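Shown next, in structure tokens, is the structure this report addresses.
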Amino acid sequence: MRPRAPLGYLLCLVVLLAAGCGGSDGPPEANAPSSPPPSAALPPEATPSPTRTVPPEPALRPLPAKLPAGLVRTTGTGRVALTFDDGPDAAWTPQLLDRLKAAKVTATFCVLGIQVRKHPGLLRRIVREGHQLCNHSWNHDLDLGRRPVAVIRADLVRTDKEIRRAVPDAEVPFYRQPGGRWTAHVVTVARQLGMRSLHWSVDPQDWARPTASVIQKRVQRAARPGSVVLLHDGGGNRAATLAACPKLIAALKRDHGIARLT
Ligand SMILES: [Zn+2]
């Protein structure tokens, strides 16, 4: 009744305030670094795969709340660039190369040393068909950036040597840290070895195996002039990424143009 109304009103207010402030399961705040949207994510790209080895130490993991300075995240032009990580892979890379050739576009391949050792012929084909190379570490050690500088350097050099064993005069202008788990140390070592640190600006999270149509929509929705798009041709089943490619590439060509990173 009437005298009770203010009390009920007050109770409602308290409940509303509590829900608003304390709800930990609610949607993330716009700028919460822990839960960025797929298009802007700096996520772990780690998925279990036969090509990856168990880290030698208990996982250090959580890192990138803030990225170090000096990363390449856009092409610097209006055109967008495609990057493919974790190969070369015997099952998926040849099919991807066929698709890129059919679409008359070139891309950047961020290769693992361990994969190059297995498939030097595929690396030669990548280079022969006009694509760009990027060192992606020896075996995808997500915590490489926090290991001693000598260990970081040895890993990058070993990968570089494997690339040059397959293609002696290969240019490797970029390094990409596995999982985007950059540290200032790894950026510095890469620079000392003549490589720019290549991040990305569009991540459809194809490593988590969404459908082809989801991959395509995520890329199209997030792409802006100059975007660097992160995709994978290795590290697991890439059927959906491959299936997404024709439409995805056509849309990017139409909206922005696609150019290899330089
Ligand atoms: Zn990777």
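The values are calculated or read from the model by the stated rules, or taken from the named source; none is laboratory data. Keep in mind the model is a prediction, meaning the values are calculated, not measured. In this analysis, Cβ positions are derived from the backbone assuming ideal geometry, glycine residues included, and neighbour counts consider all displayed protein chains.
Considering 214, 219, the condition of being more than 16 Å from the ligand (Cβ to nearest atom), part of a helix (DSSP H, G or I), closer than 29 Å to residue 138 by Cβ and of a type in the set (Val, Ile, Thr) is satisfied by 219 alone.
Looking across 196, 209, 238, 218, one residue alone is within 16 Å of the chain's Cα centre (by Cα) and either modelled with pLDDT under 95 or aromatic (Phe, Trp, Tyr) (or both). It is 209. From the residues in the stretch 174-207 that are surrounded by 21 or more Cβ atoms within 10 Å (Cβ to Cβ) and among the basic types (Lys, Arg), which one is farthest from the ligand (Cβ to nearest atom)? Restricting to residues being surrounded by 21 or more Cβ atoms within 10 Å (Cβ to Cβ) and among the basic types (Lys, Arg), the top hit is 181. Could you say whether any residue in the stretch 79-93 is surrounded by fewer than 22 Cβ atoms within 10 Å (Cβ to Cβ) and either closer than 21 Å to residue 207 by Cα or within 16 Å of the ligand (Cβ to nearest atom) (or both)? The answer is yes, given that some residue of the stretch 79-93 is surrounded by fewer than 22 Cβ atoms within 10 Å (Cβ to Cβ) and either closer than 21 Å to residue 207 by Cα or within 16 Å of the ligand (Cβ to nearest atom) (or both). For residue 224, indicate whether it is modelled with pLDDT of 95 or more, away from the ligand (no atom under 16 Å from the Cβ) and assigned to a loop (DSSP other than H, G, I, E, B). Yes: the conditions hold for residue 224. Contact annotation: residue pairs with Cβ atoms under 6 Å, 6 or more positions apart or on different chains, pairing a residue in the stretch 181-192 that is within 15 Å of residue 157 (Cα to Cα) with a partner that is modelled with pLDDT of 95 or more and not in a helix (DSSP H, G or I), are 186/177; 187/197; 190/175; 190/197. The lone criterion from (1) within 13 Å of the ligand (Cβ to nearest atom); (2) not in a loop (DSSP other than H, G, I, E, B) left unmet by residue 164 is number (1).
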